[in-house]
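Student: The following block contains the structure, expressed as structure tokens.
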Amino acid sequence: ERVEKDDTVYLTVGTGGGKVLEVRGVSGTSVDRDRHDGIQEVLKASGKKWETIEVIGKWDDPTAQKVTADAIAVHKKFDAITAQGGDTGVVQAMLDAKHPFVPFGGETENGFRKFCAKYSAQGLKCASAGTGPAQVAVAIKVALAALEGKVLPQAIKLPLAALPQQTERATLPAP
């Protein structure tokens, strides 16, 4: 939830409100719910008027690309985008539809960060944060501890891999 709040804070600072496309994750999961709740909390707290259009991208590039393309076809224009995953697909859908670039809060996906760097001069302004790089190492450590019969923690905090939001003077470095 913290990651989505950080990315969404960027969206609320970068725009004056309007229509935001929220590309959600896998329906019914606690992660999707928590991230969605964090996004909505920040949008509400911004004091700006937001209309949120939600689509289910399943944290998957092809799925996110299709649902984003469909959302653009129906709603025509968005003022901001936030996605829980599948961000490369979201950007590709924007490119295919010739949708103007808008502030985009996304995950720590390599392809997404490459798109952000490649298209920053054309107006794609991104915030990218997540715990992806740490998850594999922690998962292996926890699995080994479980196999050794050790008591496992109920919650684990992971380091946040975040790139700062782009500004007029700074561009996102290529990953």
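The values are calculated or read from the model by the stated rules, or taken from the named source; none is laboratory data. Note that the coordinates shown come from a computational prediction; the quantities given were computed from them, not determined experimentally. Every residue, glycine as well, gets a Cβ built from its backbone with ideal geometry; the counts of neighbours run over all protein chains shown. Remember, those area values only see protein heavy atoms, side chains included, never the ligands or the DNA or RNA. Shrake-Rupley method; radii C 1.70, N 1.55, O 1.52, S 1.80 Å.
Student: If you go through the range 83-116, how many residues are in a helix (DSSP H, G or I) and buried (at least 18 other Cβ atoms within 10 Å of the Cβ)?
Tutor: Matching residues across the range 83-116 total 12.
Student: Ok, one more. Can you tell me how many residues within the range 110-126 are out of contact with any Gly (no Cβ under 9 Å at 6 or more places or on another chain) and closer than 13 Å to Pro100 by Cα?
Tutor: Result for the range 110-126: 6.
Student: Also, quick follow-up: What about Leu144, is it aliphatic (A, V, I, L, M) and loosely packed, with under 15 Cβ neighbours inside 10 Å? Don't jump to the end; show me each part of the working.
Tutor: Numbers: aliphatic (A, V, I, L, M): yes; loosely packed, with under 15 Cβ neighbours inside 10 Å: yes.
Taking the combined requirement at face value, the residue satisfies it.
Student: Return a yes/no flag: does the range 74-82 have any residue that is closer than 24 Å to Gln135 by Cα, outside any helix (DSSP H, G or I) and modelled with pLDDT of 90 or more.
Tutor: Filtering the range 74-82 for residues closer than 24 Å to Gln135 by Cα gives 82.
Still in the running and outside any helix (DSSP H, G or I): 82.
Those left that are additionally modelled with pLDDT of 90 or more: 82.
Yes, because at least one residue in the range 74-82 is closer than 24 Å to Gln135 by Cα, outside any helix (DSSP H, G or I) and modelled with pLDDT of 90 or more.
Student: Another question, if that's okay. Just give me the residues in the range 57-73 being in a loop (DSSP other than H, G, I, E, B) and either of a type in the set (Val, Ile, Thr) or open to solvent by less than 40 Å² (accessible area, probe 1.4 Å) (or both), in sequence order. First the steps, then the outcome.
Tutor: Residues of the range 57-73 in a loop (DSSP other than H, G, I, E, B): 57-60.
The answer is Gly57, and nothing else.
Student: Check Asp61, Asp96 and return the single one that is at pLDDT 95 or above, touching a Gly at 6+ places or on another chain (Cβ under 9 Å) and either of a type in the set (Asp, Glu) or within 20 Å of Gly16 (Cβ to Cβ) (or both). Give the steps one after another, and end with the answer.
Tutor: Details: Asp96 fails: touching a Gly at 6+ places or on another chain (Cβ under 9 Å).
None of the others qualify; the one that does is Asp61.
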